[in-house]
Structure formats: structure tokens, C-alpha cells
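J.: Once you've had a glance at the structure underneath, I'll fire off some questions.
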Amino acid sequence: MARDAAGARLAFGGSSVTHVAADLGSLRGVRAAAARIRELLDAGELPPLRGFVGNAGVQYTNALTETEDGLEATFAVNVLANHLLVRALGGHFGTPARVVITVSDTHFGDLRHNLGLVPGPAWSAPEVLARPGAFARPTTATAGSTAYSTSKLAAIYLVHEYARRLPGIDVIAYNPGFVPGTGLARNAGPLARFAMRRLLPVMARTPLATGQDAAGRHLADVVLGRTPAPTGSYVDRHRAARSSDESYHPERERELWDAAERLTASYPSRPCHGCHG
Ligand SMILES: NC(=O)c1ccc[n+]([C@@H]2O[C@H](COP(=O)([O-])OP(=O)(O)OC[C@H]3O[C@@H](n4cnc5c(N)ncnc54)[C@H](OP(=O)(O)O)[C@@H]3O)[C@@H](O)[C@H]2O)c1
């Protein structure tokens with residue numbers, strides 16, 4: 001949705017809405033947005049920060065899409081952008097505060113949760129996952145979907161680590177279920193885009209999928225604390241539930257935190273011609 005349209009919808013009913021634009025695929029862009037939000041908070045132009053929703057996400061038809069930072073784009077947007085924002089805004093949260101990161105059923109990687117439509121995650125060292133070509137046959141749509149499910153597993157790992165490392169803030173992973181009709185298939189071929197836009201929305205009338213309005217309501221319920229969920233938990237649509245067995249892995253969680261810290265640190269990851277100092 002265009003930013004102005006989104007702002008207008010959010011402001012419906014008299015709420016005050018401020019927007020700060022950011023390309024979440026650019027570390028520089030995310031840093032600049034976080035700095036602007038901090039400025040507005042410090043100046044009292046925004047009320048104390050009580051929540052953060054990391055809902056943006058992408059899926060590509062390959063595992064080779066590269067950002068300006070030399071990162072694989074799925075990992076950059078779905079994992080590192082949220083990490084950078086949570087860290088950059090960390091000191092500005094009031095109490096109580098909730099951080100909610102949108103994840104996905106695809107992290108299970110089994111027939112029951114994905115109807116066999118999306119390959120499961122394929123974990124490896126975070127520094128490898130963060131770079132283009134981390135998965136087998138990286139030019140294929142299967143590799144792109146594997147990058148997606150793996151990024152959602154990574155997001156759950158970080159939620160567990162945030163819960164340990166960010167006292168005073170409730171951090172929750174939210175799974176909307178399959179939500180047909182959104183723009184998530186925008187990078188797919190014409191047939192898949194047509195199916196996502198025109199055919200699959202019919203599924204939203206069955207228990208196999210979630211309508212877009214319901215997914216939005218469930219997300220709002222999590223952020224506003226109307227869905228009871230302890231910090232570090234996984235909310236499946238409207239109730240706290242257990243995520244996959246693989247998603248509870250303190251060693252991977254710590255490793256991923258360390259890598260995310262390194263990857264989002266303020267140095268250019270590639271030689272920067274023309275940079276000084
Ligand atoms: N649809 C599903 O079946 C499903 C299932 C489970 C989880 N999810 C998750 O739900 C979340 C929302 O996805 P959706 O299905 O609603 O898809 P969507 O319609 O494509 O929404 C994705 C959002 O992410 C934003 N975004 C993507 N790349 C960005 C970037 N580089 N910089 C700034 N914003 C960026 C998009 O902004 P623009 O529109 O401005 O590009 C859009 O608002 C995602 O995290 C997705 O993984 C979706």
C-alpha cells in the first residue's frame with residue numbers, strides 16, 4: 001500500500017500518524033530511519049515508544065538477490081532490518097513495551113503446516129545464510145523459498161534471544177498462518193502471482209488460511225497485549241503455541257545474535273571506494 005494511503009487508513013478515527021520511510025533492504029536506510037525516529041522521540045514529537053512491529057517481509061524466486069550491502073535480500077529484510085531497528089531503538093522503549101516480529105508456518109517445514117508448498121528451513125552458519133547463494137541450486141524458486149522459511153526460523157531464534165537480552169520488553173513471534181491475496185508473491189512468475197491474487201483468496205474462507213483482515217486483527221491483538229503471551233513466545237494467529245522443535249536452539253540463537261550484531265555494525269561490508277576515515 002502506498003505510504004500516504006497507509007497513513008490515511010491508520011489515521012482513520014482521529015489517530016495521529018507520523019511516517020518515516022525506509023528501504024529495509026539497506027542498512028544505511030534502516031539506520032537513517034531509526035535515527036530519525038530517535039530524534040522525534042527525544043524531541044517529544046512522538047509519545048514514548050511502547051511497541052515495535054516487524055511485519056515487513058519478502059520472498060524471492062532465487063537465493064541470489066543481493067542488497068547494496070552485499071547481503072542476501074531475504075535475510076537482510078526479514079532478519080537484519082528488524083534486528084537493527086530493535087537494537088537502534090532499544091534504549092527508547094517505555095514500560096510496558098512489546099516487540100512483535102511476524103514469522104511464518106513455513107519455519108516448520110512439514111506437510112501439516114505448509115501443505116508441502118514451501119520447503120523447510122535449511123540451517124547453516126549465519127554468516128553463510130546472510131550472503132547470496134547459501135542454498136542448493138541458488139537460481140531456483142525452491143532456493144528462494146528455502147531462504148524465506150530459513151529467515152523465519154532465524155527470526156524466531158532472535159525472538160528467543162531478545163527475550164533473554166532485553167529485560168522489560170515483551171518480545172513475541174507472530175504467525176498469521178497462510179494469508180492469500182497479499183503482495184508476498186510479487187517477485188514470483190505471472191502464474192503464481194495470478195494464483196495468489198485471484199485463486200487462493202478463496203481459501204481464506206476455509207480453516208486452511210487466514211483472511212487479510214483477520215491476520216491484521218490478530219497482529220494488533222498481539223501488539224496491544226490482548227492476546228496473552230509471555231516474552232519469547234510464539235503466537236499462532238490468536239493464541240500462544242509451540243513453534244517447531246528445531247526453533248528452540250540456544251546455541252544457534254546466541255550465534256545468530258552475534259552474527260547479526262557484526263553484520264549490522266556500522267562499517268561497510270564491502271570495500272567502499274570514495275569513503276574516508
Ligand atoms: N501472506 C502469507 O501467506 C504470509 C504467511 C506467513 C507470514 N507472512 C508474513 O507476513 C508479513 C507481511 O507479508 P504479506 O503477506 O502481507 O506480504 P506483502 O503484502 O508483500 O507485505 C509485505 C510488506 O513488506 C514491505 N516491504 C518489503 N520489502 C521492503 C523493503 N525493502 N523496505 C520496506 N518495506 C518493505 C512491503 O512494503 P511495500 O508494499 O511498500 O513494498 C509490504 O508492506 C511478512 O513478514 C510475511 O513474511 C505472510
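The values are calculated or read from the model by the stated rules, or taken from the named source; none is laboratory data. Quantities reported herein were computed from a predicted structural model and do not represent experimental measurements. Positions of Cβ are backbone-derived with ideal geometry, glycine not excepted, and every protein chain shown enters the neighbour counts.
J.: Of the residues 204, 192, 229, 155, which is touching a helix residue (DSSP H, G or I) at 6+ places or on another chain (Cβ under 8 Å) and not in a helix (DSSP H, G or I)?
T.: Of 204, 192, 229, 155, the one residue that is touching a helix residue (DSSP H, G or I) at 6+ places or on another chain (Cβ under 8 Å) and not in a helix (DSSP H, G or I) is 229.
J.: Separate question: So how many residues does the range 88-119 have that are closer than 29 Å to residue 187 by Cα, part of a helix (DSSP H, G or I) and out of contact with any Ser or Thr (no Cβ under 7 Å at 6 or more places or on another chain)?
T.: Qualifying residue count for the region: 4.
J.: In the range 8-47, how many residues are of a type in the set (A, V, I, L, M, F, W, C), closer than 25 Å to residue 80 by Cβ, away from the ligand (no atom under 12 Å from the Cβ) and in contact with a helix residue (DSSP H, G or I) (Cβ under 7 Å, 6 or more places away or on another chain)?
T.: Of the residues in the range 8-47, 4 are of a type in the set (A, V, I, L, M, F, W, C), closer than 25 Å to residue 80 by Cβ, away from the ligand (no atom under 12 Å from the Cβ) and in contact with a helix residue (DSSP H, G or I) (Cβ under 7 Å, 6 or more places away or on another chain).
J.: Now for a different question. May I ask you to list the residues in the range 165-189 that are more than 10 Å from the ligand (Cβ to nearest atom) and either at pLDDT below 80 or outside any helix (DSSP H, G or I) (or both)?
T.: 166, 167, 168, 169, 170, 171, 172, 173, 188, 189, listed by residue number.
J.: Looking at 50, 98, which one is more than 9 Å from the ligand (Cβ to nearest atom), surrounded by fewer than 19 Cβ atoms within 10 Å (Cβ to Cβ) and not β-branched (Val, Ile, Thr)?
T.: 50
J.: So if I check each of 136, 76, 81, which one is touching a helix residue (DSSP H, G or I) at 6+ places or on another chain (Cβ under 6 Å), at pLDDT 95 or above and either under 18 Å from residue 263 (Cα atoms) or part of a loop (DSSP other than H, G, I, E, B) (or both)?
T.: 81
Yes/no matrix, rows are residues, columns are (1) touching a Pro at 6+ places or on another chain (Cβ under 8 Å); (2) loosely packed, with under 13 Cβ neighbours inside 10 Å; (3) in contact (Cβ under 8 Å) with a residue 24 or more places away in the chain; (4) closer than 21 Å to residue 156 by Cα:
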site: 6; (1), (2), (3), (4): no, yes, no, no
site: 20; (1), (2), (3), (4): no, no, no, no
site: 36; (1), (2), (3), (4): no, no, no, no
site: 56; (1), (2), (3), (4): no, no, yes, yes
site: 78; (1), (2), (3), (4): no, no, yes, yes
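J.: Looking at this structure, is residue 74 of a type in the set (Val, Ile, Thr) and touching a Phe, Trp or Tyr at 6+ places or on another chain (Cβ under 8 Å)?
T.: yes
J.: Determine the pairs where a residue that is among the β-branched types (Val, Ile, Thr), located within the range 161-185, has a partner that is in a helix (DSSP H, G or I) and more than 16 Å from the ligand (Cβ to nearest atom) with Cβ atoms under 7 Å apart, the partner being 6 or more residues away or on another chain.
T.: Matching pairs, first to second residue: 171/162; 171/163.
J.: Identify, by number, the condition in (1) at pLDDT 95 or above; (2) closer than 16 Å to residue 174 by Cβ; (3) of a type in the set (S, T, N, Q) that residue 210 doesn't meet.
T.: Only one criterion is unmet by residue 210, namely (1).
J.: Next up: Can we say residue 74 is surrounded by 15 or more Cβ atoms within 10 Å (Cβ to Cβ), hydroxyl-bearing (Ser, Thr, Tyr) and within 13 Å of the ligand (Cβ to nearest atom)?
T.: Yes; evaluated as a whole, the condition is true for this residue.
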